[in-house]
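Below is one structure. I have some questions about it.
The values are calculated or read from the model by the stated rules, or taken from the named source; none is laboratory data. Fair warning: this is a prediction, and the values are worked out from it, not measured in the lab. Note: ideal-geometry Cβ built from the backbone for every residue, glycine included; neighbour counts use all protein chains shown.
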Amino acid sequence: MAAPNRKEVLRVIMQSGAFILTRFGFWNCFSMLMLFAERADVKRKPDIQVPYLYIDMGAAVLCASFMSFGVKRRWFALCAAIQLGFSTYVSYIGGHVYYGDWLKVRMYSRALAVIGGFLVLASGAGEMYRQKPRTRSLQSTGQVFLGIYLICMVYSLQHSQEDRLAYLDHIPGGEVTVQLLVLVFGVLALSFLSGCYVRLSSQILAILLPWVILFIDGNFGYWHHSRRVEFWNQMKLIGQNVGIFGAVLILATDG
């Protein structure tokens, strides 16, 4: 049996990225429901008022369903970006739950990056059989959002004690490794913001993100027990990083 050629491998990776990103809405809604159930046990309010919460989730599931089946994927990816942006904005201004500044940066920067991923998908990137030319303006905007997410990662590693300890305590090399990651994420951010070498930067980020998800985000003992991040909020954050990983895979192969 002949080994798959490079084009076939890239196509499989691109399809995997699209699969992850288009299904993100399902996991996001599930983790939100579990988070609000977790809060109900301790009589804490959800981020969005209940009547509007179900409308928001219904819209997210609808967009995810159509994207998953490939029906008007560009349109529903754009709708998903708008829905997530509106949901994040309402959660932010609602003020029903108090979050520390360091946690706000983690939450809202990742939401912004997922919105960027949806914009990349809405541009036509990641399509196997592209019948229409891709919309470069949407892709560029999505890349800018991903660049902002990387800038927030740099900021957190420099100024957030909580994030710094998560890396210092669980990766070899200590401060040297942290500063190296700051440099790498900073360079990648400039690449996404400028639109230069986006495919190469996405390939590098696609290698780094799984390690961050597994060893940093996946350290529930640190985030949940030491930093008091709600369990399902941390699961939601992990899901957002997985969604970002899907967007990065698309850009790494079809950027």
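Rundown of residues vs (1) at pLDDT below 90; (2) closer than 22 Å to N241 by Cβ, yes/no style:
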residue: F19; (1), (2): no, yes
residue: F24; (1), (2): no, yes
residue: C29; (1), (2): no, yes
residue: M34; (1), (2): no, yes
residue: A40; (1), (2): yes, no
residue: K43; (1), (2): yes, no
residue: D47; (1), (2): yes, yes
residue: Y52; (1), (2): yes, no
residue: A59; (1), (2): no, no
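Within region 17-30, is there a residue that is surrounded by 15 or more Cβ atoms within 10 Å (Cβ to Cβ), in contact with a Cys (Cβ under 7 Å, 6 or more places away or on another chain), closer than 26 Å to A113 by Cα and not polar (S, T, N, Q)?
Scanning region 17-30 turns up at least one residue that is surrounded by 15 or more Cβ atoms within 10 Å (Cβ to Cβ), in contact with a Cys (Cβ under 7 Å, 6 or more places away or on another chain), closer than 26 Å to A113 by Cα and not polar (S, T, N, Q).
What number of residues in region 177-187 are over 18 Å from the mean Cα position of the chain (by Cα) and either of a type in the set (A, V, I, L, M, F, W, C) or crowded, with 16+ Cβ neighbours inside 10 Å (or both)?
Filtering region 177-187 for residues over 18 Å from the mean Cα position of the chain (by Cα) gives 177-184, 187.
Then keep just the ones that are either of a type in the set (A, V, I, L, M, F, W, C) or crowded, with 16+ Cβ neighbours inside 10 Å (or both); that gives 178, 180-184, 187.
Qualifying residue count for the region: 7.
Next question. State whether the residues of region 121-128 include one that is assigned to a helix (DSSP H, G or I) and either surrounded by 16 or more Cβ atoms within 10 Å (Cβ to Cβ) or β-branched (V, I, T) (or both). Spell out the reasoning first.
In the first step, residues of region 121-128 are kept if they are assigned to a helix (DSSP H, G or I); the result is 121-122.
Still in the list and also either surrounded by 16 or more Cβ atoms within 10 Å (Cβ to Cβ) or β-branched (V, I, T) (or both): 121-122.
Yes, there is a match, as at least one residue in region 121-128 is assigned to a helix (DSSP H, G or I) and either surrounded by 16 or more Cβ atoms within 10 Å (Cβ to Cβ) or β-branched (V, I, T) (or both).
Could you identify the single residue in V90, V114 that is of a type outside the set (S, T, N, Q), outside any loop (DSSP other than H, G, I, E, B) and at pLDDT 90 or above? Give the steps one after another, and end with the answer.
Details: V90 fails: at pLDDT 90 or above.
None of the others qualify; the one that does is V114.
Filter region 67-95 down to the residues that are in contact (Cβ under 8 Å) with a residue 40 or more places away in the chain and among the polar types (S, T, N, Q), then identify the one that is nearest to R23 (Cα to Cα).
Residue satisfying both the conditions and the ranking: S68.
A further question follows. Name the residues in region 203-255 that are free of Cβ contacts under 8 Å to residues at least 12 places away in the same chain and at negative phi, would you? Give the derivation first.
The first filter runs over region 203-255 and keeps only residues free of Cβ contacts under 8 Å to residues at least 12 places away in the same chain, leaving 207, 211, 214, 221, 224-226, 228.
Once the filter is applied, which keeps residues that are free of Cβ contacts under 8 Å to residues at least 12 places away in the same chain and at negative phi, region 203-255 yields I207, W211, L214, G221, H224, H225, S226.
Return yes when D47 is outside any loop (DSSP other than H, G, I, E, B) and among the charged types (D, E, K, R) and no when it is not. I'd like the intermediate steps shown before the answer.
On the way: outside any loop (DSSP other than H, G, I, E, B): no; among the charged types (D, E, K, R): yes.
The answer is no for D47.
Within region 142-163, does at least one residue satisfy the condition of being at pLDDT 95 or above and touching a Cys at 6+ places or on another chain (Cβ under 9 Å)?
No; the residues of region 142-163 include none that is at pLDDT 95 or above and touching a Cys at 6+ places or on another chain (Cβ under 9 Å).
What is the residue count in region 1-38 for residues that are over 18 Å from T88 (Cβ atoms) and in a helix (DSSP H, G or I)? Quick ask: steps written out before the conclusion?
Residues of region 1-38 that are over 18 Å from T88 (Cβ atoms), as a first pass: 1-20, 22-23, 34, 37-38.
So of that shortlist, the ones also in a helix (DSSP H, G or I) come out as 6-20, 22, 34, 37-38.
Count: 19.
Taking the residues in region 50-70 that are over 12 Å from A80 (Cβ atoms) and in a helix (DSSP H, G or I) as candidates, determine which candidate is nearest to the chain's Cα centre (by Cα). Show your work before the answer.
Within region 50-70, the subset over 12 Å from A80 (Cβ atoms) is 50-55, 57-58, 69-70.
Pick out the ones that are also in a helix (DSSP H, G or I) and you get 50-55, 57-58.
Values: V50: 25, P51: 26, Y52: 23, L53: 21, Y54: 22, I55: 22, M57: 17, G58: 20 Å.
Checked region 50-70; the qualifying residue nearest to the chain's Cα centre (by Cα) is M57.
With L190, L168, L200 as the choices, which residue is within 21 Å of G100 (Cβ to Cβ), surrounded by fewer than 18 Cβ atoms within 10 Å (Cβ to Cβ) and aliphatic (A, V, I, L, M)?
L168
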